[in-house]
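The values are calculated or read from the model by the stated rules, or taken from the named source; none is laboratory data. Worth saying up front: this structure is predicted, and the values here are computed from it rather than measured. No Cβ is skipped: glycine too gets one built from the backbone with ideal geometry, and neighbour counts run over all protein chains shown. Protein only, heavy atoms only, side chains kept; ligands, DNA and RNA dropped before computing areas. Shrake-Rupley method; radii C 1.70, N 1.55, O 1.52, S 1.80 Å.
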Amino acid sequence: MIRLVDLVKQYQTKHETVVGVDHVNLEIKPGEIFGIVGYSGAGKSSVLRCINLLEQPTSGQVLVNGLDLTKLSAEQLRLARQKIGMIFQHFHLISSKTVYENVAFALKAAGKPKAEMGKRVKELLQLVGLADKADQYPAQLSGGQKQRVGIARALANEPQVLLCDEPTSALDPTTTQSILALLRQINRDLGLTIVLITHEMEVVKDLCHRVAIMQQGKVIEQGTVYDVFANPVQPLTKEFIHNALEFKLPSKLWDRLDPSGKVLKVLFRDEAAEQGIISDLLKSSGIRANILHGKIEYIGDKPLGTFIMEVAGSREEIEQAVRYLTDRSCGVEVMTNVG
Ligand SMILES: Nc1ncnc2c1ncn2[C@@H]1O[C@H](COP(=O)(O)OP(=O)(O)O)[C@@H](O)[C@H]1O
Ligand SMILES: [Mg+2]
């Protein structure tokens, strides 16, 4: 659907050349929700804006449905862009126009006949749950409602791709959930391919099928959301995951831990998350374990369990336990050696 080949974007400022995107290769499949994660300045927006050529790449190819956008004439590009919708963190609505006019504007720009416009705008507002807000102005709407107008406008010309640049970063958690639900629904019902930028791994976990992590203009890691959460490789990826699957133990608890024991953080992937590995371990070894913290996350519909447990026993028994867990494809990390 979308293929970025050796994409480079440099910005020329008065004094220097700034590298926004540094040889990025990505393939986004039709119908998937693809997340791009990274801190501010990593190059996420630059990549996204190259996909609809809002930014002209310095070099490399941008293929959408096999068409290299960098090679199109102005008129061909205008038509290709109609099939790529975009939404923004700060919505970018026209404040002097009503909700209806904001959405109609996109249709007008694409040359839709006036007669069809009223019906289409109605449909779109219905779809995003704003049927009763057509005559309101953006200033009268909440953040979530503004983003819904942005989504209606982006969908006006029946795009195949929706580019989302931090669509929930200006919204509170509850509103964020409702916008993510709407994007999920659009993806499912309209088969739209979605590329979504965020700095929140939580959003990726809840919504995306695959994800790429960016740092300094480069994609440093990518994969299915499950694999990246279950097996992060790069330190930055681990940091993002850690923030999304945060497990804090109260400091009081550390104080009263058995000095001969260890605290293990165990990651149960795939089937391991649903099997009684811990109880089997306890039955088959002399080890004593006390679960301090734990939960099973469902990413898509696949379980990923994280448990923090205090284990006590001889050094050998503990080593054996770590091996036992590792052999069953669990990730094991010794959090601290209190001894
Ligand atoms: N128009 C521009 N002129 C100069 N530098 C830019 C411009 N746009 C982005 N950059 C630089 O490119 C890098 C990547 O920016 P950006 O793509 O906005 O990252 P992100 O969206 O991940 O925060 C940053 O160093 C940023 O300062
Ligand atoms: Mg950005």
> According to the square roots a ≥ b ≥ c of the eigenvalues of the Cα gyration tensor, what is the shape class of segment 251-337, taking rounded for a/c under 1.5, prolate for a/b larger than b/c otherwise, and oblate for the remainder?
Replying inline: oblate
> At what distance in nm do the modelled label points of Glu27 and Gln12 sit from each other, each positioned 7 Å from its Cα along Cα→Cβ?
Replying inline: 3.5 nm
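Counting Lys +1, Arg +1, Asp -1, Glu -1, what net charge surrounds Leu304 among other residues with beta carbon under 15 Å of its beta carbon?
Values: positive: Lys205, Lys238, Lys265, Arg269, Lys295, Lys302, Arg328; negative: Glu202, Asp206, Asp227, Glu246, Asp270, Glu271, Glu274, Glu297, Asp301, Glu333.
It works out to a net charge of -3.
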>> Below 8 Å between Cα atoms, with a sequence gap of 6+, how large is the relative contact order for the chain in percent?
In response: 18 percent
>> Can you pull out the chymotrypsin sites (Phe, Trp or Tyr not before Pro) in segment 9-78 whose DSSP state is coil and whose Cβ has at most 15 other Cβ atoms within 10 Å?
In response: Tyr39
> segment 309-338 to segment 94-149: how many Å between their Cα centroids?
Replying inline: 58 Å
> Between Gln215 and residues 5 or more places away or on another chain, which pairs have amide H atoms under 5 Å apart, with H built 1.01 Å from N, and which residues are they?
Replying inline: Ile220
> What accessible area per residue comes out for segment 251-337, rounded to a whole number of Å², with a 1.4 Å probe?
Replying inline: 56 Å²
>> Helix-only mean residue ellipticity at 222 nm, the chain, DSSP H runs n ≥ 4 weighted -39,500 (n - 2.57), per residue, nearest 500. What is it?
In response: -10500 deg cm²/dmol
> Which net charge results for the neighbourhood of Lys29, defined as the other residues with beta-carbon distances under 13 angstrom from its beta-carbon, given Lys and Arg at +1 and Asp and Glu at -1?
Replying inline: 0
>> Taking a ≥ b ≥ c as the square roots of the Cα gyration tensor eigenvalues, with a/c under 1.5 meaning rounded and otherwise prolate when a/b beats b/c, else oblate, which class fits segment 24-102?
In response: oblate
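With a cap of 13 neighbouring Cβ atoms within 10 Å, and only residues DSSP puts in a loop, list the trypsin sites (Lys or Arg not before Pro) found in segment 250-323.
Counting only loop positions with at most 13 other Cβ atoms within 10 Å, the trypsin sites (Lys or Arg not before Pro) in segment 250-323 are Arg256.
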> What are the trypsin sites (Lys or Arg not before Pro) within segment 1-93 that DSSP puts in a loop, where the Cβ has at most 10 other Cβ atoms within 10 Å?
Replying inline: Lys14
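Evaluate the relative contact order of segment 123-245 (contact order divided by residue number), counting alpha-carbon pairs under 8 angstrom at least 6 apart; express in whole percent.
With pairs under 8 Å counted, the relative contact order is 18 percent.
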>> Roughly how far apart, in whole Å, are the Cα centres of segment 47-62 and segment 192-220?
In response: 18 Å
>> Compute a Gaussian network model of the chain, connecting alpha carbons closer than 10 Å, and tell me which residue from Gly150, Gly286, Gly43 fluctuates the most.
In response: Gly286
> Points 7 angstrom from Cα along the Cβ direction at Ala80 and Arg256: gap in nanometres?
Replying inline: 6.5 nm
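Counting only protein heavy atoms and using a 1.4 Å probe, what share of the accessible area of the chain belongs to carbon plus sulfur, as a whole percent?
Carbon and sulfur atoms account for 49 percent of the accessible area of the chain.
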> With every protein chain left in place, what is the accessible area per residue of segment 2-243 in square angstrom, probe 1.4 Å?
Replying inline: 46 Å²
>> I'd like to verify something in the chain: which complete DSSP H helices, judged by Cα projection on the helix axis, reach 15 Å or more and average at least -1.0 on the Kyte-Doolittle scale?
In response: 99-109, 114-127, 143-155, 173-190
> Relative contact order for segment 251-337 using alpha-carbon pairs under 8 Å, separation at least 6, rounded to a whole percent?
Replying inline: 44 percent
> How much net charge surrounds Gln89 when only the other residues with a Cβ under 9 Å from the Cβ of Gln89 are counted, with Lys and Arg +1 and Asp and Glu -1?
Replying inline: -2
> Mind listing the phi-derived Karplus ³J(HN,Hα) values for segment 4-9, rounded to whole Hz, using 6.51, -1.76 and 1.60 with θ = phi - 60°, and x for any glycine or proline?
Replying inline: 9, 10, 6, 6, 10, 10
>> Could you tell me the extents of the chain's C-alpha atoms along the three principal axes, largest first, rounded to whole Å?
In response: 79, 47, 36
> Residue-wise, which Karplus ³J(HN,Hα) couplings in Hz belong to segment 165-172, taking 6.51 cos²θ - 1.76 cosθ + 1.60, θ = phi - 60°, and x for glycine or proline?
Replying inline: 9, 6, x, 10, 5, 9, 10, 6
> Can you work out ³J(HN,Hα) from phi for every residue in segment 207-215, in order, using Karplus 6.51 cos²θ - 1.76 cosθ + 1.60 and θ = phi - 60°, giving whole Hz and x for Gly and Pro?
Replying inline: 10, 8, 8, 10, 8, 10, 9, 10, 8
> What length, rounded to one decimal in nm, is gained on full extension from Arg315 through to Glu246, with 0.36 nm per residue of separation minus their alpha-carbon distance?
Replying inline: 22.0 nm
